[in-house]
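A.B. asks: Questions regarding the structure given below will be posed in turn.
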Amino acid sequence: MTAMSVDTRLPVAVWGRLSPGQPVHLYLEGDGHAWRSSGRPSFDPTPHDPVALKLAAADTHASVLYLGRPCQYQVDIARGCHFSIWTERRFAEIDDMEAALRQRIAADTDIILIGFSGGANIAVQLAARLPNVKGMVTVAGNLDTNSFTRFHRLANEAYGHNAAILPTLSGLPQLYYTGVNDAVIPPELTRLQLKEVIEHIDCVQIEEVKSADHHGPWRIDWSAFAEVQRRCGI
């Protein structure tokens, strides 16, 4: 994959390889290094372990695109990279990510969304915005902040409330990876976040990975996703 330039309000790092006429596997990074310690935002949100980038690099599909979250890899204060962007507003800056995507692929290109951790929240939001999304895969995904904060008994967040969006995606092929050893997004929370769509079993599949904690090891089984597509009639 190679670096690609985009012109967005907040800086968004983009890597990829694109083949005309092919659907795009679009990878969305997690929250990165948002906090240096409890209650203390980091100076640079670039992930120390870029899980989504590693998954994108391992993907052999013809068209693969990776988007970092705003200000990851390129903290530019002059362009608005204040620590609030990667803390309380980390699910609010969806416009810049959508703009970066639209600058790199044609409007009629089919997209499969793949989101890691907080990137899954962005994936849900993009699935509701983009008419050409044909499927979604999440890995240790924080799909909805309301259920996340209730589960962990944290203060409510202002953004990333996707509980109303998820049921609207019930006809979309969806594969959700959750790690048995993940203390951040355990399987119990994954099922809680999907309680309104899990009954649409033809289009939704949850895969528990016994050896995985939040950062893995993760591997996407594209044959399993193809089976979900087949059951869903895609």
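A.B. asks: Classify the stretch 27-66: rounded, prolate or oblate, from the alpha-carbon gyration tensor (a ≥ b ≥ c, eigenvalue square roots; a/c under 1.5 rounded; otherwise prolate if a/b is larger than b/c)?
C.D. replies: Numbers: a/c = 4.50, a/b = 3.63, b/c = 1.24.
Since a/c reaches 1.5 and a/b is larger than b/c, the shape of the stretch 27-66 is classed as prolate.
A.B. asks: So, one more: Can you give me the orientation-averaged projected area of the convex hull built on the Cα atoms of the chain, in nm²? Each step should come with its number before you reach the end.
C.D. replies: Details: hull surface 46.8 nm².
For the chain, the mean projected area of the Cα convex hull comes to 11.7 nm².
A.B. asks: Suppose every Lys and Arg Cβ carries +1 and every Asp and Glu Cβ carries -1, with no other charges. What dipole size does the stretch 144-234 come out with about its Cα centre, to the nearest 20 debye? Let's see the in-between values first.
C.D. replies: Details: 8 positive and 12 negative charges, 8 e Å.
About 40 debye.
A.B. asks: How large is the Rg to Rh ratio of the stretch 58-193 when both quantities use alpha carbon positions and Rh follows Kirkwood? Could the numbers behind the result be given before it?
C.D. replies: Values: Rg = 15.1 Å, Rh = 15.8 Å.
A ratio of 0.96.
A.B. asks: Please work out how much length the chain gains when fully extended from D110 to Y159, using 0.36 nm per residue of separation minus the C-alpha to C-alpha distance, in nm with one decimal. Write out the running numbers ahead of the final one.
C.D. replies: On the way: separation 49, 0.36 × 49 = 17.64 nm, distance 2.71 nm.
Gain on extension, D110 to Y159, equals 14.9 nm.
A.B. asks: Taking a temperature of 25 °C and a viscosity of 0.890 mPa s, what whole-number D in µm²/s does Stokes-Einstein yield for the stretch 5-116 with Rh from Kirkwood over alpha carbon pairs? Provide the component values of the computation, followed by the final result.
C.D. replies: Numbers: Rh = 14.4 Å.
Answer from the Stokes-Einstein relation: 171 µm²/s.
A.B. asks: Note down the Stokes-Einstein diffusion coefficient of the stretch 36-91 in µm²/s, whole number, using a Kirkwood radius over alpha carbon pairs, 10 °C, and 1.306 mPa s. Walk me through the numbers before you get to the answer.
C.D. replies: Working: Rh = 12.8 Å.
After rounding, the answer is 124 µm²/s.
A.B. asks: Which lysines, on any chain, are close to K134 with Cα under 22 Å apart, when same-chain ones fewer than 8 places away are left out?
C.D. replies: Counting by Cα, and skipping residues close in sequence, K134 has these lysines nearby: K195.
A.B. asks: Let's test the formula: R0 of 22 Å, r as the Cβ-Cβ distance of D221 and Q74. What FRET efficiency results, to the nearest 0.05? List each step's numbers first, then the result.
C.D. replies: Numbers: r = 33 Å, r/R0 = 1.48.
Efficiency for this residue pair is about 0.10.
A.B. asks: I've got another one for you. Using all C-alpha to C-alpha distances in the stretch 1-42, build P(r) with 10 Å bins and read off the rounded percent in each one.
C.D. replies: 21, 37, 28, 12, 3
A.B. asks: Tell me, what is the percent relative contact order of the chain, built from C-alpha pairs under 8 Å that lie six or more residues apart?
C.D. replies: Numbers: 496 pairs, mean separation 39.8, N = 234.
Reported as a whole number, the value is 17 percent.
A.B. asks: Oh, and also: Kindly work out what percent of the DSSP beta bridges joining two residues of the chain are antiparallel, to the nearest 5. Don't skip to the end; give the middle numbers.
C.D. replies: On the way: 10 of 35 bridges.
Bridges in the chain that DSSP calls antiparallel: roughly 30 percent.
A.B. asks: Could I ask something else about it? Report, by chain and number, residues whose modeled amide H sits under 5 Å from the one on V209, excluding near sequence neighbours (fewer than 5 apart, same chain).
C.D. replies: The list, which skips near neighbours in sequence, is T178, G179, V180.
A.B. asks: Using C-alpha positions alone, give me the convex hull volume of the stretch 104-144 per residue in cubic angstrom.
C.D. replies: Values: hull volume 2.5 nm³, N = 41.
Roughly 60 Å³ of hull volume per residue.
A.B. asks: Right, here's the next one. Rank by packing, highest mean first: peptides 60-67, 23-30, with packing defined as the count of other Cβ atoms within 10 Å averaged across residues. Show your work: numbers first, answer last.
C.D. replies: Numbers: 60-67: 19.8, 23-30: 26.5.
Final packing ranking: 23-30, 60-67.
A.B. asks: Continuing with the same structure: Where nothing but the Cβ of Lys and Arg (+1) and of Asp and Glu (-1) is charged, how large is the charge dipole of the chain around its Cα centre, in debye to the nearest 20? Present the calculation step by step, with values, prior to reporting the outcome.
C.D. replies: On the way: 21 positive and 26 negative charges, 37 e Å.
Dipole magnitude for the chain comes out near 180 debye.
A.B. asks: Pull out the extension gain between M1 and F151, defined as 0.36 nm times the separation in residues minus the alpha carbon to alpha carbon distance; nm, one decimal. Let's see the in-between values first.
C.D. replies: Details: separation 150, 0.36 × 150 = 54.00 nm, distance 3.75 nm.
Answer, rounded to one decimal: 50.3 nm.
A.B. asks: Can you compute the charge dipole magnitude of the stretch 55-152 about its Cα centre, using +1 on each Lys and Arg Cβ and -1 on each Asp and Glu Cβ, nothing else charged? Give it in debye, rounded to the nearest 20. Walk me through the numbers on the way to the answer.
C.D. replies: Numbers: 9 positive and 10 negative charges, 24 e Å.
Computed charge dipole of the stretch 55-152: roughly 120 debye.
Values quoted throughout were computed directly from the atomic coordinates according to the rules given, and no laboratory measurement underlies them. Quantities reported herein were computed from a predicted structural model and do not represent experimental measurements. Reconstructed Cβ throughout: ideal geometry from the backbone, glycine too, with neighbour counts over all protein chains shown.
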